[in-house]
Protein chains: 2
Amino acid sequence: MKTSIATVSISGSLVEKLHACADAGFDGVEIFEPDLIASDHSPEEIRGLARRLGLSLDLYQPLRDIEGVDEATFTENLRRAAATFATAQRLGIGTVLVCSNVATATVDSVEHSAEQLRRLGDVAARYDVKVAFEALAWGRFVDDYRRAWRIVELADHPSVGVCLDSFHVLSRRHDPAAIEDIPADKIFYLQLADAPALSMDVLSWSRHHRLFPGEGDFDLATFVAHVLKTGFDGPLSLEVFNDTFRQTDPDRTAVHALRSLVWLKDKVADLPGVGRGASLTPVADAKPPVGFDFVELKAEDTSDVEILLEQLGFVPSGRHRTKPVSLWTSGDVRIVLNEHQARDLDPHVAAVGLQVPDADATSRRAADLMAPAAYRRTYAAEQALGGAVAPDGTEFFWVTAPPAGSPPPWVAEFENGLPPASDGLLRQVDHVNLAVPWQTSDEAVLFLTSVFGLSADAPTEVAGPSGLVRSQVMRTDDGSIRLPLNVAPQVLETADMPQHVAFACTDVVAVARAARARGLRFLAVPDNYYDYVAGRFGVDADTVAELRELDLLYDRSPDGTFVHFYTRTVGSVFFEFVQRVGDYDGYGTDNAPVRLAAQRVRSTG
Amino acid sequence: MKTSIATVSISGSLVEKLHACADAGFDGVEIFEPDLIASDHSPEEIRGLARRLGLSLDLYQPLRDIEGVDEATFTENLRRAAATFATAQRLGIGTVLVCSNVATATVDSVEHSAEQLRRLGDVAARYDVKVAFEALAWGRFVDDYRRAWRIVELADHPSVGVCLDSFHVLSRRHDPAAIEDIPADKIFYLQLADAPALSMDVLSWSRHHRLFPGEGDFDLATFVAHVLKTGFDGPLSLEVFNDTFRQTDPDRTAVHALRSLVWLKDKVADLPGVGRGASLTPVADAKPPVGFDFVELKAEDTSDVEILLEQLGFVPSGRHRTKPVSLWTSGDVRIVLNEHQARDLDPHVAAVGLQVPDADATSRRAADLMAPAAYRRTYAAEQALGGAVAPDGTEFFWVTAPPAGSPPPWVAEFENGLPPASDGLLRQVDHVNLAVPWQTSDEAVLFLTSVFGLSADAPTEVAGPSGLVRSQVMRTDDGSIRLPLNVAPQVLETADMPQHVAFACTDVVAVARAARARGLRFLAVPDNYYDYVAGRFGVDADTVAELRELDLLYDRSPDGTFVHFYTRTVGSVFFEFVQRVGDYDGYGTDNAPVRLAAQRVRSTG
């Protein structure tokens, strides 16, 4: 199926938008009228540019407040519509979107609206355009696609059909199954948008919070399946109003948008009764990751991290043959320290390595989903890892999971290390917490969902001393991969929000004592916190004394308990050690404000 | 009445918050439990600090999910409550806020809740604290203050009373009149917050969008009047959860917050049946401004603005006696160009002069409302203008309106000007459009409302090529003062958003022709726009041709028409000329995207 996108979905001038959509690989675009009005290119010039770029112009939109009015108003509306049809004709566009009347409708009658649409169809025919009639979720009398279809059916005019928009249907919780009652040749257009489950007025929700498919809570695959079952073969077109995308680079948003359609088409093809016809290009299948392979920290000088790792019981396991990169291990946990091309950089999380069932399959899937490839120069006898750059710039690499107990092949490239050592307390990387700019947080969700098959937990919010931090955990169902994404308040630069790597251990008290014996400075937890823990959870005095002595934090859920501690921050990264007891599945979110305040005391002195 | 504020309302550490509240002049604070937990100061140290700062500690909050539960849960809750009461006692705080159960309530019975609150009161009494029970708007069974009061009444315990919070009452549209049924000695606490009229789930609305009194849509004066009529004489306390204030400097927010209470107390005292007792300090009365006196533009070098003003028909009317400042006039419109201490500054709107009925009264009112004074050094025989600095840094000055036709006295300080000239086309300053950072836009509304008696129109949004711009017009009822505040998208620096001064004229076509003859370059409007105007409004071909020739923009409402044009931008300021025909009362908002796009073409080349 062809892909299309409304120009309102991305930022920039109309000419910039067309270039961005063509470069990303869209087949066509819908022209949003205000974009044309504000353009210094004439309709004929836009038509010519689109032809040169290989873009079809699929729709001109919107024409508002036409039907359901008295005769005098309708006469004026027909004159206004004719002007819009004339512009569409100059653009070479064959379909104009007419949305249901919001402002001026006074007649609540499908027959009346049908009669007016029929007359509108006569005018449209004179300009060689068709009218796609859409029920807005907040239309005055027409706010349901089934009613819009009834009107179109009654109008019974070859130039009049319906436009279906997933937002207007699913935001009102209307059952999309009745779409199958509409003949394919009467579905003149199909617009798609996802959205988070918000409880707010539907107009604001629509104008500000639409998302690309895969980023919200709507079941778009089922919606599209209903449309395809009619035999519809027009383009899948995105119309996404979103405050963030309006402020983001158009080239980047266009690729992001197309990825969402590629992902969606693949999802739809998997549904029963649809079938993967030639029109639904498959995306290579790949199973989700089964565990972390390594975490890479990068800096011009990684010495401070090395001191910290040594205090935490890691040993230096070798230096890379050809690059200024070293490997530190503790049992099966691997930290890579990279000083390559890192001038002026402070320590930060640069890359995350994942173990997957089949690395080649993941590479094919990433390519199908247009994930930008992560590049590492490799030399003779070196392992070339598959890799992709996440929207925030963090690199993700993947290797086929080695047999239990053996390291992945790339470890052999590291030489002259100390013998492996482990106190047996560290089990694995529990989670890697990344700081994500607010501009790319939705895109990050789609990236991690589509490429790696992670799923998004419900977001939470944490009050820090400089504002609310939104936390969005991306994870596998079994918790073997957990990636909390922290979205910074607008006032903070993302670089000022530390990232962290958390290690799961079997006895966090023993780890803390051993680390303290090696000279580790913990993040100091305020005394008041321990009074709170005693009061809140009724923890016994001895345990509270031990928590207090070791600067440990505590949380409890109905499923289990969580004890954890933080190191000081080095550059923009710190480490956490966690012990999950029972089936505790969280991250000690209630303790995050305490951590944020303690880190702020440190950083402001 | 004493003033108080919850520490959750401002940013920073608990110690910083206490200092900020004391410096602003608050009498007391409520301690938000998470602020204490995250503090490295013990409860006794916080108590000592508050005493040194002269702040009373009025409330410790919140204690959650206590009542309406089964007996086993309640036993555990009493233990937890005792720990909280012990902390309150260490802080020297006499009242603890208990909010209605959201998470664990299973018993929907006022008798059951009352019995549990009575037992809670017994525990509280042992720690010398009282319990103020509050109905949260989203409480499981108790979501109405009338039900909370019924429970307290049944509990009938000297240590148990109610806490009233304006947000929880007014967000649910509960009638606050029944507050008068509660005896004053059973109202243990009063919390105030304003909020915009939003249609969203009440929890998100409360957590993110509360405002200080005077900034939202709630009728807080009437709410407070009901409370005062009971005889209540406790503090008026602000509890405002707001994403913006969490990110703003605490000192600044504290002053902003106190200003809202000063304004509110004055409003309440004006209500019938309340009376201005000793407890409600009056704010000096001052009538709203009647017109613009001048607009001051500032830059290191104002030459570019002078060229533009000359092309627009202004004449240089003199140089200030003692400062590098010049005056340009056209009829009664005065533009002041200021090169004083303007190193490296590009042209921008630095100050707005207002004519008021009584300048001394306005000065007294501004002082009572703690408006920061704007300072201008004056010399012998110079006029000292009253002035205040708005939250965005723009200075506002005021003079007593001179008799019709005569200039204000300060004009005499400008010497060696050309004789006044006017083509008679320019009538007055129509509006001054200021660019306001999103962090200070709510504060700006309160500032302009409270000091000058302006009122806020409903905000609108304009789609620009770099994001949505929110426009908030502040104005007098008669339109003699109009100040559209443009709030920039987060991605833009406010400095990148141009400001403008709009002049009302009687014949905008004649002004445009005269300006063109003098060599003025207009902001170029795209050709497509005129096709749209013809189609949308059915404007006749001759008029469209004239609009097109002169780069004029057009709008129409049911009340009249609006024709306007823009100059190019100099520094961060441009000029607009507008002609209002009939009772057109808007600003051509639909044309703003065209302007924003045209300005972007100019700035990106």
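The values are calculated or read from the model by the stated rules, or taken from the named source; none is laboratory data. In this text the structure is predicted, and so the values were computed from the model without any measurement. Neighbour counts run over all protein chains shown; Cβ positions are idealised from the backbone, glycine included. Remember, those area values only see protein heavy atoms, side chains included, never the ligands or the DNA or RNA. Shrake-Rupley method; radii C 1.70, N 1.55, O 1.52, S 1.80 Å.
For the reader, a short list of remarks on this structure follows.
- Estimated D of segment B:3-269 in µm² per second, where Rh is the Kirkwood radius over Cα pairs and Stokes-Einstein applies at 25 °C, 0.890 mPa s: 133
- Label-reachable residues, segment A:133-164, where backbone N falls under 14 Å from a point 7 Å from A:ASP108's Cα toward its Cβ: A:139-144
- Members of segment A:457-477 that become less accessible by 20 Å² or more once partner protein chains are added (1.4 angstrom probe, chain alone as reference): A:GLU461, A:PRO465, A:GLY467, A:LEU468
- Projecting the Cα positions of A:GLN428, A:PRO158, B:ALA184 onto the charge dipole of the protein assembly as shown (unit charges on Cβ atoms of Lys, Arg, Asp and Glu, taken about the Cα centre) puts A:GLN428 furthest along the positive direction.
- Each Lys and Arg Cβ is given +1 and each Asp and Glu Cβ -1; about its Cα centre, chain B then shows a dipole of about 720 debye.
- Taking the Cα centre of the protein assembly as shown as origin and assigning +1 to Lys and Arg Cβ atoms and -1 to Asp and Glu Cβ atoms, the resulting dipole is close to 1120 debye.
- For segment A:299-383, the set of chymotrypsin sites (Phe, Trp or Tyr not before Pro) satisfying both a DSSP loop assignment and a count of at most 12 other C-beta atoms within 10 Å is given as A:TYR375, A:TYR379.
- Accessible-area composition of segment B:291-604, carbon plus sulfur, in percent [1.4 Å probe]: 48
- Axis of helix B:220-229 versus longest Cα principal axis of chain B: the two differ by about 40°, to the nearest ten degrees.
- Over the C-alpha trace of segment B:291-604, radius of gyration and Dmax come out as 19.1, 61 angstrom.
- Distant-in-sequence amide contacts of A:ASN242, defined by a placed amide H-H separation under 5 Å and a gap of 5 or more residues or a different chain, comprise nothing.
- Where segment B:291-604 is the region considered: accessible area per residue in Å², 1.4 Å probe: 39
- Relative contact order %, chain A, counting alpha carbon pairs below 8 Å whose residues are six or more apart: 10
- Note on the protein assembly as shown: helix-only mean residue ellipticity at 222 nm, from DSSP H runs of 4+ residues weighted -39500 (n - 2.57) and normalised by residue number, equals -10000 deg cm²/dmol.
- Position A:ALA514, label points 7 Å along Cα→Cβ, spacing to each other copy in nm (shortest first, one decimal): 8.7
- Estimated from the Cβ-Cβ distance and a Förster radius of 22 angstrom, the FRET efficiency linking A:ASP457 and A:SER199 is about 0.70.
- Scaled radius of gyration (Cα, divided by 2.2 N^0.38 Å) that segment A:1-77 gives: 1.29
- Trypsin sites (Lys or Arg not before Pro) within segment B:153-246, DSSP loop, no more than 16 other Cβ atoms inside 10 Å: B:ARG172, B:ARG173
- A:ASP542-B:ASP217 pseudo-label distance in nm [points 7 Å out on the Cα-to-Cβ vector]: 5.9
- Think of segment A:291-604 as having a plus end and a minus end, set by charges on the Cβ of Lys, Arg, Asp and Glu; of A:VAL445, A:SER406, A:LEU596, A:SER406 sits farthest toward the positive end of this dipole.
- Computed across segment B:118-258, the Kirkwood radius stands at 15.8 Å (inverse of mean 1/r, all Cα pairs).
- Percentage of interatomic Cα-Cα distances in segment A:356-421 larger than 14 Å: 66
- For A:GLN428, the residues whose amide H sits under 5 Å from its own are A:ALA504, ignoring neighbours fewer than 5 places away on the same chain, with H placed 1.01 Å from N.
- Volume of the convex hull of segment A:296-353 (Cα atoms only), normalised per residue: 76 Å³.
- Difference of contour (0.36 nm per residue) and Cα-Cα distance, B:ALA404 to B:ARG207: 65.9 nm
- The angle between the Cα long axis of helix B:592-604 and the main principal axis of chain B comes to about 70°, on a 0 to 90 degree scale.
- Between B and A, accessible area buried - total, square angstrom, nearest 100, 1.4 angstrom probe: 3600
- With all pairs of separate Cα atoms included, segment B:380-509 yields a Kirkwood hydrodynamic radius of 17.0 Å.
- Against chain A, whose longest principal axis comes from its Cα atoms, helix A:527-537 is set at around 70 degrees.
- Hull shadow area, averaged, segment B:57-177 [alpha-carbon convex hull, nm²]: 6.7
- Based on alpha-carbon atoms, the Kirkwood radius and the radius of gyration of the protein assembly as shown give Rg/Rh equal to 0.98.
- Principal semi-axes in Å for chain A [√(5λ), Cα gyration tensor, largest first]: 54, 26, 21
- For A:PRO403, the label point sits 7 Å beyond Cα toward Cβ; its separations from the matching points on the remaining copies run 10.7 nm, from shortest to longest.
- Proximal lysines to A:LYS267, defined as alpha-carbon separation beneath 28 angstrom and excluding residues fewer than eight positions away on the same chain: A:LYS2, A:LYS17, A:LYS186, A:LYS229, A:LYS287
- Selection among B:PRO391, B:LEU264, B:PHE232 by position relative to the dipole of chain B gives B:PRO391 as farthest towards the positive end (Cβ unit charges, Cα centre).
- Remark: mean inter-chain Cβ contacts per residue of B:529-542 equal 3, using a 10 Å Cβ-Cβ cutoff to other protein chain atoms.
- Copy-to-copy label separations for A:ALA384, where each label sits 7 Å from Cα toward Cβ, in nm and ascending: 7.9
- B:ASP477-A:LYS2 FRET efficiency (beta carbon distance; Förster radius 56 Å; 0.05 resolution): 0.55
- Residue closest to axis [chain A; rotation mapping onto B; Cβ; Å]: A:MET200, 2
- Virtual paramagnetic centre 7 Å along Cα→Cβ of B:ARG518, amide N under 12 Å, in segment B:409-434: B:421-426
- Per residue, in Å², the accessible surface of segment B:26-78 once ligands and nucleic acids are set aside, probe 1.4 Å: 38
- Computed FRET value (nearest 0.05) for A:ALA510 with A:THR322, which takes r as the C-beta separation and R₀ as 45 Å: 0.70
- Bridge orientation summary for chain A: considering DSSP beta bridges with both residues in this region, about 55 percent are antiparallel.
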